[in-house]
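To start, the structure itself, in structure tokens.
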Amino acid sequence: MSNDIHNVIIIGSGPAGLTAAIYAARADLKPLVIEGIQTGGQLTITTDVENYPGFPDGIMGPELVMEMRRQAERFETAFVSGDVVSVDLLKSPFTVIAGDVSYRAKTLIIATGASARWIGIESESILRGSGVSGCATCDGFFFRGKEVVVVGGGDTAVEEAIFLTKFASKVSLIHRRDQLRASKIMQEKASKNDKLSFIWNSVIEDILGVEVGHVTGIRLKNVKSGVVTDVPCDGVFVAIGHTPNTKVFEGQIDLDEKGYIVLKERTLTNVPGVFAAGDVADPYYRQAITAAGMGCMAAIDAERFLEG
């Protein structure tokens, strides 16, 4: 166990965690960031980021994360690698165990993010960032005039498919069943969109284009007939949901039915002194800029809590 009691420990090193670190360090709180298993969060698997303010020519996701980290380090943020395996939020100071080391803190900012659910085939992971995406808002612009497919059947999948029709020449929504799970209003919107078509009772068996380094099509299997067909396309958007990284906090902090942290107000959780920022508490926007904004808020909330 580390004998130090930190003013603030930040769990997570994506835009939310790093922005929280910058603000906490500027407030002379000497924050400790526990980076987590995926250092830098989802931005590290994003290629071009063109919607983050201040970068008119765009910036690579990993580069943006590294710039944020450098800024946090400049103000003397301490970093430790490793994944958090357990926490004790029932008494103060809070205890966080990462690897085999125990850390204690007066306040805690949870910025562990959420992980996109993927189909789980090898070609998907190989082509991620080269035509395979989990975020239409992030990457839709790159498919202007191209044909894309969206995998899923809920509100998120339909929203992403409709959004993509602003750019793509054709959008096909692939669903394993013969009807959508999405709300009636979303289904009505989709049915009225001339650029949007549906491929029912089908699953993706493979994503084509590994040998050339970018998506060229998909291999579909009809789950009823067993017929396999190859469909040409330029992009595959997987919209089968996200899983918030909150398992380690179960039973110690209020979570909603999907596992997202419930905020009382601003970034405050039901545990005094524990704050949350970014995708771990935001199932709706899930953007780097909104995560960064929440990180700023959480650091200010933590600072004011300590003052009080």
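Overview of results
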read-out: Unmet criterion (only one of (1) touching a residue at least 40 places away in the same chain (Cβ under 8 Å); (2) crowded, with 16+ Cβ neighbours inside 10 Å; (3) in the same structural domain as Ser123 (by TED's automatic domain parsing)) for Phe198; value: (1)
read-out: Selection from region 114-169 of residues that are small (Gly, Ala, Ser), over 21 Å from Leu220 (Cα atoms), touching a strand residue (DSSP E or B) at 6+ places or on another chain (Cβ under 7 Å) and in a loop (DSSP other than H, G, I, E, B); value: none
read-out: Residue list for region 74-90, filter: charged (D, E, K, R) and closer than 19 Å to Ala276 by Cβ; value: Asp83, Asp88
read-out: Unique residue being of a type in the set (Lys, Arg), outside any loop (DSSP other than H, G, I, E, B) and either touching a residue at least 60 places away in the same chain (Cβ under 8 Å) or surrounded by fewer than 19 Cβ atoms within 10 Å (Cβ to Cβ) (or both) when the list is Arg219, Arg177, Arg181; value: Arg219
read-out: Qualifying residue in region 39-46 (condition: touching a residue at least 60 places away in the same chain (Cβ under 8 Å) and not in a helix (DSSP H, G or I)); value: yes
read-out: Any hit, region 264-278, residues being over 23 Å from His6 (Cα atoms) and buried (at least 19 other Cβ atoms within 10 Å of the Cβ); value: no
read-out: Residue list for region 131-141, filter: surrounded by 16 or more Cβ atoms within 10 Å (Cβ to Cβ) and over 19 Å from Ala190 (Cα atoms); value: Gly131, Val132, Ser133, Gly134, Cys138, Asp139
read-out: Sole exception among (1) in a loop (DSSP other than H, G, I, E, B); (2) within 17 Å of Asp301 (Cβ to Cβ); (3) out of contact with any strand residue (DSSP E or B) (no Cβ under 7 Å at 6 or more places or on another chain) for Tyr23, by number; value: (1)
read-out: Which numbered condition Leu306 fails, given (1) touching a Gly at 6+ places or on another chain (Cβ under 9 Å); (2) closer than 19 Å to Gly113 by Cα; value: (2)
read-out: Index of the failed condition, Val85 passing every other in (1) surrounded by fewer than 17 Cβ atoms within 10 Å (Cβ to Cβ); (2) part of a helix (DSSP H, G or I); value: (2)
read-out: Test result for Thr229, surrounded by fewer than 22 Cβ atoms within 10 Å (Cβ to Cβ), at pLDDT 95 or above, polar (S, T, N, Q) and in a helix (DSSP H, G or I); value: no
read-out: Glu50 vs. criteria touching a Gly at 6+ places or on another chain (Cβ under 9 Å), closer than 21 Å to Asp279 by Cα, surrounded by 16 or more Cβ atoms within 10 Å (Cβ to Cβ) and not basic (Lys, Arg); value: no
read-out: Criterion (in the same structural domain as Leu18 (by TED's automatic domain parsing) and touching a Leu at 6+ places or on another chain (Cβ under 9 Å)) met by exactly one of Ala161, Ala136, Ala98, Ala72; value: Ala72
read-out: Candidates Leu64, Leu90 - the one that is in contact (Cβ under 8 Å) with a residue 12 or more places away in the chain, farther than 30 Å from His175 by Cα and touching a Leu at 6+ places or on another chain (Cβ under 7 Å); value: Leu64
read-out: Hits in region 88-103 - residues which are surrounded by 14 or more Cβ atoms within 10 Å (Cβ to Cβ) and among the charged types (D, E, K, R); value: Asp88
read-out: Any hit, region 279-299, residues being among the basic types (Lys, Arg) and either free of Cβ contacts under 8 Å to residues at least 40 places away in the same chain or assigned to a helix (DSSP H, G or I) (or both); value: no
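The values are calculated or read from the model by the stated rules, or taken from the named source; none is laboratory data. This structure is a prediction, so every number in the text was calculated from the model and none was measured. Here Cβ is always computed from backbone atoms with ideal geometry, including for glycine, and neighbour counts include all displayed protein chains.
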